[in-house]
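Every read-out reported here was derived from the displayed coordinates using simple, explicitly stated rules and does not represent laboratory data. Since this is a predicted model, take the numbers as computed values, not measurements. Here the Cβ is made from the backbone with ideal geometry for all residues, glycine too, and neighbour counts use every protein chain on show.
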Amino acid sequence: MDLKLKTISPEGIDAALSKAEVYRFLNEPEEAESICQDVLAVEPNHQLALRVLGLSITDQFKGDASDRYSQAESAFEQLTEEYERLYYLGLLHERRAKAQLEAGRPPHTVTVLLEAAMRNYEEAERVRPTGNDDAILRWNRCARILQSRIESDWHREVEIEMGE
């Protein structure tokens, strides 16, 4: 059997991307990722396809070495609008940090990722469209994660390491 991938029509791109977003909402990121790859095969710089591809990959993060961080980063780096690029790179760092926390990594080891996300969000905030507070909302969430971990888990890790 010939397993050569078939090409979708340019006219089918919008419908395909609508399906990709539905698959993400249904927690089926692999299906969404596949659709985005099909769209990008036809239109390599399609901005929505790149964004949904990056998000679909981050939806699959488990907090271990199998996470395809560089692939998601590559998709987001290709976003041409500065705000979108900065915002989604921040989201990439944030999701990577959360996945690592859920995988049981010590909170103090993911602080650098949350701080990187916050820097991206601050840069995005400077160039955001009027009335778009998404970067501020994400920055605040990262700050709250750091606040909660600094006072509880992070200090507990330090105490354990010091033998207390």
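Numerical summary
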read-out	value
Calculated log₁₀ intensity ratio I(q)/I(0) where the Debye formula runs over C-alpha points of the stretch 1-60, q = 0.25, 0.26 Å⁻¹	-0.96, -1.01
Fewest-first ranking of ASP59, ASP14, using other Cβ atoms within 10 Å as the exposure measure	ASP14, ASP59
Potential lengthening between LEU26 and ARG141 on full extension [0.36 nm per residue; Cα-Cα distance subtracted]	39.0 nm
Separation of the SER9 and GLU84 label points, Cα + 7 Å toward Cβ, nm	2.5
For the chain: lysine pairs under 26 Å (alpha-carbon distance), excluding those fewer than 8 apart on one chain	4
Added length on full extension, which subtracts the Cα-Cα distance from 0.36 nm per residue, ARG126 to VAL42	26.9 nm
Ranking of CYS142, CYS36 by count of other Cβ atoms within 10 Å, fewest first	CYS142, CYS36
